1. Counting only protein chains, not ligands or nucleic acids, how are A:Ile98, B:Ile446 ordered by accessible area (probe 1.4 Å), most first?
2. For segment B:390-541, with every protein chain kept in place, what is the accessible area per residue (1.4 Å probe, Å²)?
3. Suppose we compare each residue of segment B:387-410 in its chain alone and in the full protein complex with a 1.4 Å probe; which ones drop by at least 50 Å² of accessible area?
4. Quick check: Cα centre of segment B:409-423 to Cα centre of segment B:85-136, how many Å?
5. Taking every DSSP beta bridge that has both residues in segment A:259-499, what percent is antiparallel when rounded to the nearest 5?
6. Of the accessible area of the protein assembly as shown, with the probe set at 1.4 angstrom, what percent is carbon plus sulfur?
7. Would you mind working out the accessible area per residue for chain A, using a 1.4 Å probe, and quoting it in Å²?
8. Tell me: how much accessible area in total is hidden between A and B, 1.4 Å probe, Å², nearest 100?
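The values are calculated or read from the model by the stated rules, or taken from the named source; none is laboratory data. All values reported here derive from a predicted model rather than from experimental measurement. Counting neighbours? That spans all protein chains shown, and the Cβs are built from the backbone with ideal geometry, glycine included. Heavy atoms of the whole protein, side chains included, go into the accessibility calculation; ligands, DNA and RNA do not. Shrake-Rupley method; radii C 1.70, N 1.55, O 1.52, S 1.80 Å.
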Amino acid sequence: MPALLFISILLIAACGLIYELIAGALASYLLGDSITQFSTIIGSYLFAMGIGSWLSRYISRGLVTQFIWIELMVAIFGGFSSSILFLTFAYTQGFRIILYFIVIAIGMLVGLEIPLLMRILKDRFEFRDVVAHVLTFDYLGALGASLLFPIVLVPQLGLVRSAVLFGIVNAAVALWGTFLFKDQLRSPQPLRVACLLVLTLLCGGMAGAKHVIAAADDSLYADEVIFAKDTRYQRIVLTRWRDDTRLFLNSHLQFSSRDEYRYHEALVHPGLAANSSARRVLVLGGGDGLAVREILKYPNIESITLVDLDRQMTDMFRSNDVLTKLNGGSLASPKLHVITADAFPWLEQSTDMFDFAIVDFPDPTNYSLGKLYTTAFYRLLAKHISANGMIVVQSTSPMFARQSYWTIVETLKQAGLQTFPYHTYVPSFGEWGFVLANAKGATYSPPRQLPKDLRFLTVSAIPELFEFPADMQPVAAEANRLNDQNLVRHYDREWRDISH
Amino acid sequence: MARHQPLAIFAMPKRSKPTQLSRREFLAATSAALIGLGMKTDKPIAGEFVNESFQLGHMLRDRTPFPAPTKKEKFAIVIVGGGMAGLSAAWQLERRSFRDFVLLEMDKQPGGNSRWGENDITAYPWAAHYVPVPNAKATLVRELFEEFGALKNGKWEERYLCFTPQERLFIHGRWQDGIEPAVGLTDRDREQFKRFDDLMQRFRASNNFTIPTQLGMDITQKPDIAALDRVSIAEWLQQQKLDSPYLRWYVDYACRDDYGAPASATSAWAGAHYYASREHEEKGPLTWPEGNGWIARRLIKKLDSYIRRNALVHRITKDKNRYRILAGDTEFTADSVIFAAPTFLAPYLIEGMPPALTKDLVYSPWLTANLTLDRLPREIGGTETAWDNVIYNSPSLGYIVANHQSIRQHEDRSVWTYYWALAERSPLESRRFLLEKDWNYWKEAILTDLARIHPDIRDCVSRLDIMRMGHAMIRPSVGFMFSDSRRALTRPHAGLERLFFANSDLSGISIFEEAQYRGVTAAQQALAIISGSQESTAPTA
């Protein structure tokens, strides 16, 4: 009998420590500064345990019943602690208040456990044995928990499930207690029913943990997530609020349906409308089909080649109703050839020639993407462009990332091209930049005619796009090269400055 | 599609997490940080020792009898050894339109320290893996790179220059850019790095430190520079009152990396050479997936008809004016021999070789491993894998990513080349240790070292091949650079006329440029003698 009793003590102690560790880890994760978080949480928790121990003196009757109720409360508070905290962080402003409330509540309840247990046991054993055994197993449990937490629980289960698992352990100990101390209980049945209810609730929590994790993730985005998928290359998230659909790749905004027409018209038409003899167009990136939608407005275009890395992107934008409405079903056009490939090696092996190339890659947020903004890349691309053909490159914001923008311009120049930088305003992005480029000696003049159904661009407005106001004017820049990707460093610094 | 970070003012989500890590990444990182170790798994890792050559070396050392030759062939020049020195000698002969020669390579694949391998992911190096961008004075190297298209109209091919990010160092639990320690330094440390840089700058200005080394050594050395060879670089740092632990690590790392020797066993002259010999006109170095195998591969292709593979030379004798070279089942006769194999083998092969000539040669033992990664490990702190990844205070030299020069945006798999100069004990002890321990021992040692920076490395690696090299490279020990015995190797010897040594061993520094210089120089010397004495085979150019 004592062995089983002491195992219960060990489990209770382990549970108590796990909740404390979970609160500390979670606070460090969400708030940063792990030293402060762990110190204050351990401090409050121990202090609350002290309060609990002191309060234990006011419990005088029905010790076992009270003990079992306390266990059940710990099971609920502790078991759901990390779920509650994740969701609180995601959806409210009161994270710290709830955090310390939960820590103190659990601390007080845990502080009640050991004094009550000792008093329950004091008539069964010698007092000195009670103290020695209870405290020994208490500390052993703590050791077990402290090892289990980092080695098994966090890597294998994560914080949400670990908490629930230990909630279940607490409730199971409570249920077990109703049998262990049945001679000290007058009516164990209602208690057992309560224990089973709490156990059921927690098992439900275990099953639902996935949704909690997802819900916490969704809070990154302002609007309701209507689609989220992890592909081999990126995390694709679509959000919607009323009539505004937004696409995020790796949590970087790609477009907002409310104003993407401004971006895509500005990307495609200043270059393409200026070349009425264009027949073949290349789109690199742009798996959303929105640039293709604009290209299809030209009857003279005979074929469009779209090269995108991620098959799931193009599939999604070909089949999803919301998305095909956005791109007008452009990805189903018989003129379009979709190629799923990494752009740089694809260009290297391809012999195809094009009259216009649209380079619509994600911004150079890392060195892998930065390779697609180098002199080596543009030189290779230029080999695929016909004599009077042109390239247009989406080039981040000349306002927020001025150095980055003019670095891209300089890179195109160093690749032996002439450049025609321009910009436009897209509300969801701010001022946005593009660069048209063609071979030295070729000419460019803004188009005198545009396709009919445009929502944003007009013939007379296009020349103005090439004017840069004082705060966006050229700055000295060095080309971005494979062996010296200064663009990624500029970009990182400039956008970080803006967001802080 | 395009654009920018969600934190930018116009697209600011209502709530944003303070970190860009995803939840899963965070949990992986914290668990790793909290426990400091990865979960051991039972994922099997295949692999073996590869390119073992010491058995052949031991046969030579022990004078194992070889079968008598059954064939005879005659050439004006025989080149012994198909490493970079031998290949460069052949390259030079061929460029001078001289064709009456043969190159004997003991292995099935020439290349020596520039050997490479290949699997379905990428080609990868087995040893030498880069060449610093040569400056204008390095005319031979530039000539070769022009021939192979790496240098066009004075511009280096961008794809052969090491891509960004080049190097990173794991120090105090995080990655930093570059290998020179920058994290955790006090003002005193910084001042010492500055002083060290100034000293190296002064050495550079002396023009005594060049690549090839011979050019600078021929210029009169100021007393304080010549004196450098008489102390180790570790002692020299002490003399200069440079005792910052970061600086000492940095210098020790350079010695282990370039010479396979600790700072305490490296001549201060050689240690200074590492820093003082290079001025870069372009951000480099030059590198390729197969490392210097890229150069070897092109040389081998060009010179293929002159190369005999699996031709282990086991005896070189001289009677009257001809050399007899026994290799495999063939007896070659030659007017001149270019001995480009590792120089320590010479006493075992060459009859009449004065033993004093090689007594000062010390070689560093090395181990390299190529790890096939079926997935890439998670990166701590969201940094990107660099080409060269170094661990502060590790006995290893870190790893090189073989497919770093890929133009792909996305790579799922990789091959890492892991380098370990066994510099902690004496070369003899280390060599014995290297051969004594089995593959499993070294595999565990390598994975344990890597698990410090990549806790999940064991889940990623499917294959780990190891190459053990007892005599991987010449070591510029204290006094060696200016020793008479080193100098003697570069000159003709009584009784061994028309035999020219051509290994980078002669330079005391085992790098591509030295091997090329020694190979080309030996070829020129051999040509000069032959054209002087033998009209029939005189070169046409």
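1. Working: A:Ile98 60, B:Ile446 0 Å².
Greatest to least solvent exposure: A:Ile98, B:Ile446.
2. On the way: 5240 Å² over 152 residues.
With the other protein chains kept in place, segment B:390-541 gives 34 Å² per residue.
3. B:Ile407, B:Arg408, B:Gln409, B:His410
4. Taking the Cα centre of segment B:85-136 as reference, the centre of segment B:409-423 is 21 Å away.
5. Values: 15 of 35 bridges.
Here the antiparallel bridges make up roughly 45 percent for segment A:259-499.
6. Percent of accessible area from carbon and sulfur atoms in the protein assembly as shown: 55.
7. On the way: 20500 Å² over 500 residues.
Counting only protein heavy atoms, the per-residue value for chain A is 41 Å².
8. Values: alone 23040 and 24660 Å², together 42220 Å².
Counting both chains, the buried surface is close to 5500 Å².
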